[in-house]
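The values are calculated or read from the model by the stated rules, or taken from the named source; none is laboratory data. Please read these numbers as outputs of a predicted model, since none were measured by experiment. Note: ideal-geometry Cβ built from the backbone for every residue, glycine included; neighbour counts use all protein chains shown. The protein model used for the area step is the full one, side chains on, heavy atoms only, and it has no ligands, DNA or RNA in it. Shrake-Rupley method; radii C 1.70, N 1.55, O 1.52, S 1.80 Å.
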Amino acid sequence: MNNSKLVSSLREAISLCELKDSMSISFHHHLRNGDFVLNMVMDEIANMGVKDLTVNASSLFDTHAKLLDHIESGLVSKICTDYMSSGLGRSISEGVMDTPVEFRTHGGRPSDIESGRTPIDIAFIAAPASDPMGNCSGKIGKSACGSLGYAIPDAQNAKHVIIITDNLVPYPLIQWAVSEINVDYVVEVPAIGNPQGIVSGTTQITRDPVGLIMADQATKVIKASGLLKDGFSFQTGAGGASLAAAKFLKDIMVKENIKGSFGLGGITGYMVDMLNAGCFESLLDVQCFDLKAVESIRTNPKHQEISALHYASPSSMSAVVDSLDVVILGATEIDTNFNVNVHTDSNGYIMGGSGGHSDTAAGAKLAMIIAPMFRGRLPMITDRVSCISTPGKDIDVLVTQGGIAVNPRNQELAERIRDAGLPLIDIHDLKRKAESYTGVPSKAPKGDKLVAKVISRDSGLLDNIYNVPQK
């Protein structure tokens with residue numbers, strides 16, 4: 001038996017996996033804007049003369065804008081992803097690709113990989129620590145990023161798996177995320193990423209008075225819902241108002257001695273604070289958002305790493321999102337039917353993606369949007385969002401500084417909010433209220449070229465994104 005899968009170079013590993021034209025390769029995004037691996041791999045493949053590849057990446061960031069060169073050269077013909085930041089999204093929106101991008105959710109992507117709808121020929125796993133057999137982890141090393149939850153389904157289902165690490169440790173690595181049983185080759189490189197871009201040192205609570213008002217109201221809605229009791233489970237994002245809501249929620253739970261069951265998702269230091277204060281029994285972590293979360297998952301056994309399949313896959317026997325009480329989410333637009341857009345900006349350019357947005361909204365008992373009535377003199381509420389990222393049937397409530405709108409599908413919540421004396425408002429009235437400040441904007445023009453498909457978490461077509469016409 002070979003006691004090492006270590007090969008001399010990335011090129012050797014790719015050659016041994018027999019990469020050919022029209023194959024599909026995958027990447028994970030735990031290194032986020034500090035990632036070196038995707039560009040490193042694509043440059044090496046470009047030198048090998050391969051063409052017509054599908055890139056399946058759990059998310060793409062501004063640091064990956066170099067993909068545009070590989071699209072223009074014919075190396076990359078298709079992209080599947082859950083999120084795309086504006087650096088790449090702007091060019092995609094201008095029609096640079098012939099084949100539409102396929103956007104999935106953080107639960108839908110691993111489900112479709114596992115089912116064979118989007119098969120992967122070679123998965124490239126960026127690993128902050130690995131032993132020579134490929135047992136690897138994100139918890140230790142100079143490039144430590146914490147959980148490797150989005151990489152695990154790729155490793156389990158790809159035909160070939162290459163681990164790329166800048167921290168080779170003796171066999172066996174303790175507390176691996178990806179097991180050697182799924183790994184073909186290991187490559188050691190000088191650096192897999194820039195730690196400054198992998199995680200921010202701190203993720204900050206908003207100091208904006210409007211954001212604090214919304215966070216306070218959001219906390220009161222959660223309390224009024226009746227869900228804030230022993231066994232409570234919770235997920236929130238890393239936005240300033242969402243973090244403020246988590247802080248206010250922690251204060252209530254500590255004061256009233258409420259013992260929750262778990263915090264979920266991409267974990268921030270504020271969720272770690274809630275765990276350490278006794279608000280939760282555990283954190284279930286698919287991705288660490290800051291250095292405090294990385295330290296916690298490394299040292300606290302109550303802070304547990306989970307795969308994207310475990311987190312949110314609709315085809316798993318069960319997923320954690322289905323046991324979630326409350327999720328706080330953001331929006332770039334929301335319409336009067338409570339459909340939410342997080343894919344495009346006000347001009348129609350791609351600048352985001354669902355990630356776990358629609359997964360958690362579908363699973364949670366209470367799915368809440370926190371958003372201001374307007375941004376930059378543009379109202380947030382519209383008759384129909386430019387792109388449906390999360391369907392309105394899965395959203396329960398919108399919290400703004402101008403009032404709280406409840407989806408008519410959830411009359412019990414509306415009554416609880418009214419009984420609590422909170423400022424309940426019909427979403428149509430809230431739209432008119434916002435427009436009284438901003439005026440009614442004209443819709444951004446759409447072209448006739450399909451540039452992206454938004455795939456629902458259960459693999460259906462949710463919406464289409466068309467190009468932004470160039471003047």
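At a probe radius of 1.4 angstrom, the accessible area of the range 35-109 per residue rounds to 31 square angstrom.
In plain terms, if you count all Cα to Cα distances in the chain and split them into 10 Å steps from zero, the share in each step is 4, 21, 31, 26, 13, 4, 1, 0 percent.
Counting protein heavy atoms only, the chain has 49 percent of its accessible area on carbon and sulfur, 1.4 angstrom probe. Longest stretch of the chain clear of exposed loop sites (GluC sites (Glu not before Pro), DSSP loop, at most 12 other Cβ atoms within 10 Å, sites excluded): 19-255. To one decimal place, what Kirkwood hydrodynamic radius in Å is obtained for the range 167-246 from all pairs of distinct Cα atoms? Evaluated on the range 167-246, it is 17.1 Å. With a cut-off of 8 Å between alpha carbons and a minimum separation of six or more residues, what is the relative contact order of the chain in percent? Once divided by the residue count of the chain, the mean separation gives 16 percent. With 21 Å as the limit, the listed pairs LYS431/LYS453; LYS20/LYS159; LYS139/LYS292 have LYS431/LYS453 beyond it between alpha carbons. Explain nothing, just the number: relative contact order of the range 316-471, from Cα pairs under 8 Å at least 6 residues apart, as a whole percent. Normalised by residue count, the contact order of the range 316-471 is 23 percent. Taking the C-alpha atoms only, the angle from helix 427-438 to the longest principal axis of the chain is near 90 degrees. Report note on the peptides 436-446, 319-329: ranked by the mean count of other C-beta atoms within 10 Å, highest first, their order is 319-329, 436-446. For the pair the range 35-67 / the range 99-154, the C-alpha centres are spaced 15 Å from each other. Taking amide H atoms as placed 1.01 Å from N in the peptide plane, the amide H of GLY402 lies under 5 Å from those of MET373, each 5 or more residues away in sequence or on another chain.
Taken about its Cα centre, the range 189-283 carries a charge dipole of roughly 120 debye when the Cβ of each Lys and Arg holds +1 and the Cβ of each Asp and Glu holds -1. Sequentially through the range 457-471, phi angles give Karplus couplings (6.51, -1.76, 1.60; θ = phi - 60°) of 5, 9, 6, x, 7, 8, 6, 10, 10, 9, 5, 8, x, 9, 6 Hz, Gly and Pro residues having no value and appearing as x. Under 5 Å between amide hydrogens, built in the peptide plane, is the criterion, and for ASN407 it picks out VAL397, LEU398 among residues at least 5 positions away or on other chains. Once the Cα atoms are used to define both axes, helix 37-47 deviates from the longest principal axis of the chain by about 40 degrees. Here the range 263-311 and the range 428-451 have alpha carbon centers that stand 38 Å from each other. Relative contact order, whole percent, for the range 181-269 stands at 34, derived from Cα pairs under 8 Å and 6 or more residues apart. In order along the range 207-221, phi translates into HN-Hα couplings of 10, 5, x, 5, x, 5, 4, 5, 4, 4, 5, 4, 4, 5, 5 Hz, rounded to whole numbers, per the Karplus curve 6.51 cos²θ - 1.76 cosθ + 1.60 with θ = phi - 60° and x for Gly and Pro.
Per-residue extension of 0.36 nm, minus the Cα-Cα distance of SER318 and ALA444, leaves a gain of 41.3 nm for this segment. Relative to the longest principal Cα axis of the chain, at what angle does helix 240-255 sit, 0 to 90 degrees, rounded to 10? Long axis of 240-255 versus the principal axis of the chain: about 70 degrees. Per-residue 3J(HN,Hα) values for the range 273-282, derived from phi via the Karplus relation 6.51 cos²θ - 1.76 cosθ + 1.60 with θ = phi - 60°, read 4, 5, 4, 5, 7, x, 6, 10, 7, 7 Hz in sequence order (x marks Gly and Pro).
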